[in-house]
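J.: If you scroll down you'll find the structure; I have some questions about it.
The values are calculated or read from the model by the stated rules, or taken from the named source; none is laboratory data. In this text, all values refer to a predicted model and were calculated from it rather than measured experimentally. As a convention, Cβ positions derive from the backbone with ideal geometry for all residues, glycine included, and neighbour counts pool all protein chains shown.
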Ligand code: HEC
């Protein structure tokens, strides 16, 4: 195109445009889905005449955007700044082209190839190895421990900001925050330390940067007051049994040590298993003659106390 300006001599001066685009193909490489990436493209008119053309974007999906686009006009020695944005919308490789046409006869079209790959949004995730822990029944003044594993199963760093219990009888051996890269895991040791007899139903709440936070693990445990051998068992023997089961031959019930020695036919106490212990079966009349021999059975509650003491481990307490 010829832009004329009249000289005094009447000779028309021909001013020519000259398009220069330095940007070659653009590779955005791998970009997180949904996060825009921006590149600058400059169209320079290094000629003196006005440059006219059009900016066209060719693509299959609308992940690339050009601003400005369409028809452009650049006066001599002017530059047009164009912004190209790539926002991948899926895990996919996106190709495209920018066509920059011009009326510079020496450079009528400049083509910029585009490529970019979308990758999944990084999301942290927490997987807890269990949703409930049952500590069973333990004795007061003792404690019990169980382990759980926290695993970072997302594709972004998991940050555990707090691990809290609603009951003071439960505690954990780690401090927060805990950072776990994808694939890493952390073992927690949970301690149940009852402050008295009873049932303790509680929960453990784990707060993290996972979208599904918080994670909750239910906790349960029972605590029993231990039956005292010296206080509740030996006195039963003393009042009902030792007149026959003294220190003479056979089963002696004169002390804890002698009780645990059993009789010539073996143990009469199976620690942890009151129901199958011979001494309990004898008291219930389930094994030959009822004890105390020739007398009436002990009260049900006394037999239960003996059974409980055996179930609790037949401690010398
Ligand atoms: C009047 C005496 C007498 C009294 C009291 C008595 N026992 Fe016995 N006990 C015996 C005799 C005799 C045997 C052995 C014969 C038998 O097993 O029936 C025996 C056997 C046992 C055995 C089985 C031992 C074995 O290894 O075979 C146990 C256990 C036992 N007694 C517990 C008790 C307890 C506990 C009491 C108290 C609540 C008690 N006995 C009171 C006389 C007595």
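J.: Name the strands (runs of 3 or more DSSP E) wholly inside the stretch 162-244 in which the number of residues that are farther than 19 Å from residue 137 by Cβ and away from the ligand (no atom under 16 Å from the Cβ) is 3 or more. Walk me through how you get there before you give the answer.
T.: Values: elements: 170-172, 178-180, 185-192, 198-208, 215-224.
Per the criteria, 178-180, 185-192, 198-208, 215-224.
J.: While we're on this one: Looking at the stretch 279-292 only, could you name the residues that are within 9 Å of the ligand (Cβ to nearest atom), out of contact with any helix residue (DSSP H, G or I) (no Cβ under 9 Å at 6 or more places or on another chain) and in contact (Cβ under 8 Å) with a residue 12 or more places away in the chain?
T.: Residue satisfying the conditions is 282 alone.
J.: Scan the stretch 254-270 for residues that are near the ligand (Cβ under 6 Å from one of its atoms) and either assigned to a loop (DSSP other than H, G, I, E, B) or modelled with pLDDT of 95 or more (or both) and jot them down.
T.: Filtering the stretch 254-270 for residues near the ligand (Cβ under 6 Å from one of its atoms) gives 263, 265, 268.
Result: 265, 268.
J.: So residue 247 passes all but one of these: (1) more than 6 Å from the ligand (Cβ to nearest atom); (2) in a loop (DSSP other than H, G, I, E, B); (3) crowded, with 17+ Cβ neighbours inside 10 Å. Which condition number does it fail?
T.: That leaves (3) as the condition not met.
J.: How about the stretch 42-82: which of its residues are more than 15 Å from residue 107 (Cβ to Cβ), touching a residue at least 40 places away in the same chain (Cβ under 8 Å) and part of a strand (DSSP E or B)?
T.: 56, 57, 58, 59, 64, 81, 82, listed by residue number.
J.: Can you tell me which residue within the stretch 293-305, out of those that are in a loop (DSSP other than H, G, I, E, B), free of Cβ contacts under 8 Å to residues at least 60 places away in the same chain and in contact with a helix residue (DSSP H, G or I) (Cβ under 8 Å, 6 or more places away or on another chain), is farthest from residue 233 (Cα to Cα)?
T.: As a first pass, look at the stretch 293-305 and keep what is in a loop (DSSP other than H, G, I, E, B): 293-299.
Narrowing the set further to residues that are free of Cβ contacts under 8 Å to residues at least 60 places away in the same chain leaves 293-297, 299.
Cutting the leftovers down to in contact with a helix residue (DSSP H, G or I) (Cβ under 8 Å, 6 or more places away or on another chain) gives us 295, 297.
Values: 295: 18, 297: 16 Å.
The extreme case among them is 295.
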